[in-house]
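> Submitted below is the structure of interest, expressed as structure tokens.
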Amino acid sequence: MRLSQMLFLTLREDPAEAEIPSHKLLLRAGYMRRIGSGLYAYLPLLWRVLKKVSQIVRKEMDAAGAQECLLTQLQPSELWRESGRWDTYTKAEGIMFALKDRQDRELGLGQPMKKW
């Protein structure tokens, strides 16, 4: 693909919201774009970098005999109640998204994680 056809836009000045030098460089170089408070879109350059790093890590982990699995992101409240974190995360601090399904079971949106 030609550079003129790529989806990226560079900036001449440091963005006002960027404080860390690496953050400034990623925004200025067109690797990512701020779309809201604390929300960033990965543009094609950064997405290629992330895929390449993941590929390298996956290759090394496979060579070491590790097994990869992807856990569900929507989790039953019972898992969180066992550790006593359900009420804290959903009600007191309000940091976890929670909902009820059609059978009136409580579910929470857990952190997306890959286990090796």
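> Out of everything in region 1-41 that is in a loop (DSSP other than H, G, I, E, B) and of a type in the set (Val, Ile, Thr), what residue ends up being nearest to Lys51 (Cα to Cα)?
Ranking the candidates gives Thr10 first.
> How many of the residues making up region 19-54 are in contact with a strand residue (DSSP E or B) (Cβ under 9 Å, 6 or more places away or on another chain) and loosely packed, with under 10 Cβ neighbours inside 10 Å?
Residues in region 19-54 being in contact with a strand residue (DSSP E or B) (Cβ under 9 Å, 6 or more places away or on another chain) and loosely packed, with under 10 Cβ neighbours inside 10 Å: 1 in total.
> Looking at Leu43, Leu70, which is the one that is farther than 30 Å from Arg105 by Cβ and in contact (Cβ under 8 Å) with a residue 24 or more places away in the chain?
Residue meeting the stated conditions: Leu43.
> If you don't mind, there's one more thing I want to ask. Across region 96-113, which residue is farthest from Arg85 (Cα to Cα) among those that are surrounded by 15 or more Cβ atoms within 10 Å (Cβ to Cβ) and at pLDDT below 90?
Gly110
> Please indicate, with yes or no, whether at least one residue in region 55-63 is without any contact (Cβ under 8 Å) to a residue 60 or more places away in the chain, farther than 30 Å from Tyr31 by Cα and either loosely packed, with under 12 Cβ neighbours inside 10 Å or not basic (Lys, Arg) (or both).
yes
> Now for a different question. So the check is Cβ under 8 Å with 6+ separation or different chains; which pairs have a first residue in region 85-109 that's more than 12 Å from Leu74 (Cα to Cα) and a second one that's assigned to a loop (DSSP other than H, G, I, E, B)?
Tyr89/Ile95; Tyr89/Met96; Thr90/Met96
> Go through (1) surrounded by 12 or more Cβ atoms within 10 Å (Cβ to Cβ); (2) in contact with a Leu (Cβ under 6 Å, 6 or more places away or on another chain); (3) outside the structural domain of Leu11 (by TED's automatic domain parsing) and name the single condition Tyr89 misses.
Against the list (1) surrounded by 12 or more Cβ atoms within 10 Å (Cβ to Cβ); (2) in contact with a Leu (Cβ under 6 Å, 6 or more places away or on another chain); (3) outside the structural domain of Leu11 (by TED's automatic domain parsing), Tyr89 comes up short only on (2).
The values are calculated or read from the model by the stated rules, or taken from the named source; none is laboratory data. This structure is a prediction, so every number in the text was calculated from the model and none was measured. Positions of Cβ are backbone-derived with ideal geometry, glycine not excepted, and every protein chain shown enters the neighbour counts.
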